[in-house]
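Taking it in order: structure first as structure tokens, then the write-up.
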Amino acid sequence: MADIAPFRGIRYDTTRVRASDVLAPPYDVIDADHWRQLAARDPHNCVRVILPEGDGDAKYSRAAELLDRWLADGVLVRDDQPCLYRYNQVFTSAELGGREVVRRGFVAAVRLHRFDERVILPHERTLKGPKVDRLKLFEATACHPSQIFTLYSDPQGAVDEALAAVERTDPVVDGTTDDGTRHLVWRVTDRSMIAAVVEALADKPLYIADGHHRYETMLAYRDRRREAGSDVADFGTLFLANMDDAGLVVFPTHRLVHGVPGFSLEKLVAAARDAFDIDTVAGGAADAAKVRAIVTERGAARPAFGVVVPGSADLTVMAYRGDLSSASATERLDVTILHDVVLEGMLGIDRAAQEAKTNLDYPKDTAVALARVAAGDGQCLFVMNPTPVAAVKAVSDEGGFMPQKSTFFYPKIASGVVFRKLDESIAR
């Protein structure tokens with residue numbers, strides 16, 4: 001199954017730059033204002049590589065030139081031997097009630113497989129546009145500047161046990177990103193540690209948590225390099241975390257509906273009564289914590305979600321009462337029922353409109369989402385429960401696909417913790 005190997009990573013020299021000044025979120029969550037803020041912190045911020053500025057294809061060449069210059073100047077340094085990279089994130093959130101959590105994982109080179117080989121499994125479909133952009137960046141830089149977020153199942157915690165000792169040494173990266181997450185990275189060079197990790201995962205598949213577009217781009221780039229007679233891109237660069245660990249947190253992504261002709265809550269409730277048990281909690285939408293508690297409780301036994309409309313502090317709860325005894329893992333999901341039965345079936349928002357966000361926004365923070373609908377930004381808010389990790393595994397194992405924005409693994413993997421230059425084969 002998963003073929004995992006160490007590699008000679010490229011890292012920032014933290015005697016030259018502060019890690020907090022050069023790390024960035026994934027490229028696809030950075031808007032123009034945030035780009036400028038990141039770039040202003042340090043001229044070597046990785047945002048200049050992962051999301052190069054400018055128009056046309058020349059921007060990709062500039063990203064490659066920056067990488068080469070930073071390496072030549074010693075701002076980036078390449079490890080002299082192949083390593084795994086222990087990567088922990090320490091974080092909290094209002095969604096967690098302020099509780100601090102540690103998510104443990106590691107970065108490795110992993111042999112790429114097509115999805116039909118059933119070794120590395122997806123749970124969502126991808127769009128063409130982002131893959132074209134990432135492929136141009138890979139071709140110009142011959143580098144993986146960030147990692148695909150993947151999961152493995154290890155109920156006994158063998159991998160974390162094998163890597164525990166390295167956490168008692170000084171990290172090579174220690175920085176904090178704008179969301180308050182602390183990012184800690186250690187080099188793992190001990191051959192016995194690496195062998196233990198490789199052995200523990202040798203018979204396991206991997207599940208993509210985040211980064212489907214980048215994974216498919218890695219495959220496309222691999223195929224192009226193979227056509228040129230090279231195997232340097234046969235391995236992707238992945239972050240791997242244990243889906244059975246308590247530090248793996250999934251938050252909900254809510255749905256804010258706008259622009260639906262003739263929408264009203266009364267019409268929605270009338271249309272939904274045949275398929276849902278519906279009740280209204282007076283004042284239930286007064287604050288985010290209360291909303292989360294109600295929707296969590298109602299969704300414990302069957303698919304359920306809340307509905308909030310402008311001008312009301314009430315929470316309408318829709319609990320699905322359809323027969324799911326023979327349903328697939330995908331069909332049982334709250335988000336599938338919302339998208340298929342309600343959004344498309346009752347509100348007329350078809351799959352193309354969902355993907356294009358024609359009538360939908362996808363806010364993640366519950367308090368922010370409630371504030372938006374209270375301010376009249378949208379016609380209604382569907383308040384969702386998070387998709388359980390077990391459901392991600394079940395859908396992937398069945399070969400199914402979830403609706404867009406079904407999962408939000410928090411926090412995001414930072415860009416800039418370690419780069420991998422694709423100029424040498426992975427030693428086996």
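The values are calculated or read from the model by the stated rules, or taken from the named source; none is laboratory data. Keep in mind that what you see is a predicted model, and the values were worked out from it rather than measured. Backbone-built Cβ (ideal geometry, glycine too); neighbour counts: all protein chains shown.
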Name the single residue, out of those in the range 141-186 being in contact with a Ser or Thr (Cβ under 8 Å, 6 or more places away or on another chain), of a type in the set (Val, Ile, Thr) and under 27 Å from Asp68 (Cβ atoms), that is surrounded by the most Cβ atoms within 10 Å (Cβ to Cβ).
Ile148
For the range 8-33, the count of residues that are within 23 Å of the chain's Cα centre (by Cα) and within 24 Å of Tyr215 (Cβ to Cβ) equals 12
So which residues in the range 30-42 are out of contact with any Ser or Thr (no Cβ under 9 Å at 6 or more places or on another chain) and part of a helix (DSSP H, G or I)?
Ala32, Asp33, His34, Trp35, Arg36, Gln37, Leu38, Ala39, Ala40
Subset of the range 229-287 (residues that are without any contact (Cβ under 8 Å) to a residue 60 or more places away in the chain and among the basic types (Lys, Arg)):
Lys267, Arg273
Unmet criterion (only one of (1) at pLDDT 95 or above; (2) over 20 Å from Ile148 (Cβ atoms)) for Thr253:
(2)
Only one of (1) surrounded by fewer than 15 Cβ atoms within 10 Å (Cβ to Cβ); (2) touching a residue at least 40 places away in the same chain (Cβ under 8 Å) is not met by Pro25, so which one is it?
(1)
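In the range 325-361, what count of residues is obtained for those that are within 28 Å of the chain's Cα centre (by Cα) and assigned to a loop (DSSP other than H, G, I, E, B)?
Number satisfying all stated conditions: 12.
Go through the range 232-275 and give me each residue that's of a type in the set (Asp, Glu) and closer than 17 Å to Asp160 by Cα. Walk me through it before giving the result.
Of all residues in the range 232-275, those of a type in the set (Asp, Glu) come to 234, 244-245, 266, 274.
Scanning the range 232-275 gives Asp244, Asp245.
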Touching a helix residue (DSSP H, G or I) at 6+ places or on another chain (Cβ under 8 Å), in contact (Cβ under 8 Å) with a residue 24 or more places away in the chain and either part of a loop (DSSP other than H, G, I, E, B) or closer than 30 Å to Arg226 by Cβ (or both): does that describe Pro403?
yes
All but one of (1) touching a strand residue (DSSP E or B) at 6+ places or on another chain (Cβ under 9 Å); (2) among the basic types (Lys, Arg); (3) surrounded by fewer than 22 Cβ atoms within 10 Å (Cβ to Cβ) hold for Arg86, so report the exception by its number.
(3)
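Looking only at strands (runs of 3 or more DSSP E) that fall completely inside the range 157-216, which ones have 3 or more residues that are in contact with a Gly (Cβ under 6 Å, 6 or more places away or on another chain) and assigned by TED's automatic domain parsing to the domain that holds Val417?
By residue number, no strands (runs of 3 or more DSSP E) qualify.
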When the range 217-260 is checked residue by residue, the ones that are more than 15 Å from the chain's Cα centre (by Cα), within 30 Å of Phe305 (Cα to Cα) and not in a loop (DSSP other than H, G, I, E, B) are Arg255, Leu256, Val257
Every residue from the range 261-316 that is outside any loop (DSSP other than H, G, I, E, B), in contact with a Lys or Arg (Cβ under 9 Å, 6 or more places away or on another chain) and under 21 Å from Ile349 (Cβ atoms):
Phe276, Ala304, Phe305, Gly306
The range 63-115, residues that are closer than 23 Å to Arg182 by Cα and free of Cβ contacts under 8 Å to residues at least 60 places away in the same chain
Gly98, Arg99, Glu100
